[in-house]
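First comes the structure, then the notes that go with it.
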Amino acid sequence: MAKASRLAFGEALARLGGEHPEVVVLDADLSKSTMSDLFAKKYPERFFEMGIAEGNMVGVAAGMALAGKVPFCCSFACFVAGRFEQIRMSVGYNRANVRIVGTHAGIGIGEDGYSQMATEDIACMRSIPNMAVLQPCDAVETERAVEYLVRHRGPVFLRLTRQKLEDVNPPDYRFEFGRGVILREGGDVTLVATGGVVGEALKAAEALSARGVMARVVNVHTIKPLDEDVILDSARRTRGIVTVEDHGIHGGVGSAVAEAAAQAGVGPVRRIGVRDFAESGDPAGLYRKYGLSAEHIVAEAEKLLR
């Protein structure tokens, strides 16, 4: 059943709260949007409404982490990424055990428009030396990722969607931190996707199959640390890689894959990402206009193969 990853996050966190008394949640006046209010209703004494003050929220979360708590620090991804300096110093430099949760990521949020669209957040978070970056592709992967994160040690950025995502993984799916997931085998081209566009990559693989092109599809839920083994193995088994992400073309999963491929001397790599400031519209229409749809992925794969 289609579900937004932000909702799956909120439900999982509320469920896990009873098992993990060390977990605390902070929010910046957006708890009904980030779905952290589900935790707040069950554990009000461990929920902290910080108001429209993300920088202060990050600092408080870092202090709580250094005191032994496991804070989940929630807001829209564009707003938390905008507090990069506080995250860099309070969380990254201190190696504080904080989970920065950014919801409403990418142009897939739709009608809210560019002021709410995070398309630079992965690039920012990847640049912090000890920050892990996770982006699940559906509800079950989100739930498993949150289950993992209550035990993880170190700073993490968790990127979530506003829009509903169709199921990709089975109910018994097992999340493995730092490991890419091969969703479909193929020997002609590799499609590497993350988050909300993994479904588009699978649709593209189906369309390519109808044209006689067999595409391997890799879901990268852990953007940092990147699973270089699966990326390089895919590059060697196929004629090249096409990456796709609902994020700016620079600094995201496409950049991470291209860096790994260049260092290993494999390729080619073609990257699909957001190349401009987007606008308000329905998610599917925006994906078509800005080149993230299955049709565009097919076209890029065919260009690579030519």
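The values are calculated or read from the model by the stated rules, or taken from the named source; none is laboratory data. In this text, all values refer to a predicted model and were calculated from it rather than measured experimentally. Neighbour counts are summed over all protein chains in view; Cβ atoms, including those assigned to glycine, are modelled from backbone coordinates with ideal geometry.
GLU54: surrounded by fewer than 21 Cβ atoms within 10 Å (Cβ to Cβ) and out of contact with any Asp or Glu (no Cβ under 7 Å at 6 or more places or on another chain), yes or no? Answer is no for this residue. Number of residues in the range 117-154 that are part of a helix (DSSP H, G or I) and of a type outside the set (Asp, Glu) equals 13.
Among the candidates THR190, THR119, the residue that is touching a Phe, Trp or Tyr at 6+ places or on another chain (Cβ under 9 Å), in contact (Cβ under 8 Å) with a residue 40 or more places away in the chain and under 27 Å from ALA261 (Cα atoms) is uniquely THR119.
Quick check on my filter: what residues within the range 98-112 are over 14 Å from ALA4 (Cβ atoms) and surrounded by fewer than 22 Cβ atoms within 10 Å (Cβ to Cβ)?
We begin by selecting, within the range 98-112, every residue over 14 Å from ALA4 (Cβ atoms); these are 98-100, 107, 111.
Scanning the range 98-112 gives a single hit, GLU111.
Of the listed requirements (1) surrounded by fewer than 24 Cβ atoms within 10 Å (Cβ to Cβ); (2) over 15 Å from LEU292 (Cα atoms), GLY248 misses just one: (2). A Cβ distance below 7 Å, combined with a sequence gap of six or more or placement on separate chains, defines the contacts here; from the range 295-306, residues that are in the same structural domain as GLY285 (by TED's automatic domain parsing) and in contact (Cβ under 8 Å) with a residue 40 or more places away in the chain reach residues that are assigned to a helix (DSSP H, G or I) and acidic (Asp, Glu) in the pairs ILE297/GLU200.
Screening the candidates ALA81, ALA8, ALA67 for the property of being among the small types (Gly, Ala, Ser), out of contact with any Cys (no Cβ under 7 Å at 6 or more places or on another chain) and either crowded, with 17+ Cβ neighbours inside 10 Å or not assigned by TED's automatic domain parsing to the domain that holds ILE128 (or both) yields one hit, ALA8. Scanning the range 226-245 for residues that are buried (at least 19 other Cβ atoms within 10 Å of the Cβ), of a type outside the set (Gly, Ala, Ser) and over 19 Å from the mean Cα position of the chain (by Cα) returns THR238, ILE241.
Within the range 33-46, residues that are assigned by TED's automatic domain parsing to the domain that holds ALA8 reach partners that are outside any loop (DSSP other than H, G, I, E, B) and hydroxyl-bearing (Ser, Thr, Tyr) with beta carbons closer than 7 Å, at six or more positions or on different chains, in the pairs SER33/THR103; THR34/SER75; THR34/THR103; ASP37/SER31; ALA40/SER31. Residues that are surrounded by 19 or more Cβ atoms within 10 Å (Cβ to Cβ), more than 17 Å from ARG99 (Cβ to Cβ), assigned by TED's automatic domain parsing to the domain that holds GLU11 and among the polar types (S, T, N, Q): does the range 125-146 have at least one? Within the range 125-146, none of the residues are surrounded by 19 or more Cβ atoms within 10 Å (Cβ to Cβ), more than 17 Å from ARG99 (Cβ to Cβ), assigned by TED's automatic domain parsing to the domain that holds GLU11 and among the polar types (S, T, N, Q).
Suppose we filter ARG270, ARG211, ARG239, ARG216 for residues that are outside the structural domain of GLY108 (by TED's automatic domain parsing) and out of contact with any Gly (no Cβ under 9 Å at 6 or more places or on another chain); which single one remains? Outline the logic, then answer.
Working: ARG270 fails: out of contact with any Gly (no Cβ under 9 Å at 6 or more places or on another chain); ARG239 fails: out of contact with any Gly (no Cβ under 9 Å at 6 or more places or on another chain); ARG216 fails: out of contact with any Gly (no Cβ under 9 Å at 6 or more places or on another chain).
Residue meeting the stated conditions: ARG211.
Here are ASP167, ASP172, ASP138: which of them is in contact (Cβ under 8 Å) with a residue 40 or more places away in the chain and more than 27 Å from VAL58 (Cα to Cα)?
Working: ASP172 fails: in contact (Cβ under 8 Å) with a residue 40 or more places away in the chain; ASP138 fails: more than 27 Å from VAL58 (Cα to Cα).
Exactly one residue qualifies, and that residue is ASP167.
In the list PHE177, PHE157, which residue meets the criterion of being in a strand (DSSP E or B) and of a type outside the set (Val, Ile, Thr)? Can you show your working first?
Details: PHE177 fails: in a strand (DSSP E or B).
Answer to the check: PHE157.
The selection criterion, being touching a strand residue (DSSP E or B) at 6+ places or on another chain (Cβ under 9 Å), more than 24 Å from SER5 (Cβ to Cβ) and touching a residue at least 40 places away in the same chain (Cβ under 8 Å), does not hold for ALA201.
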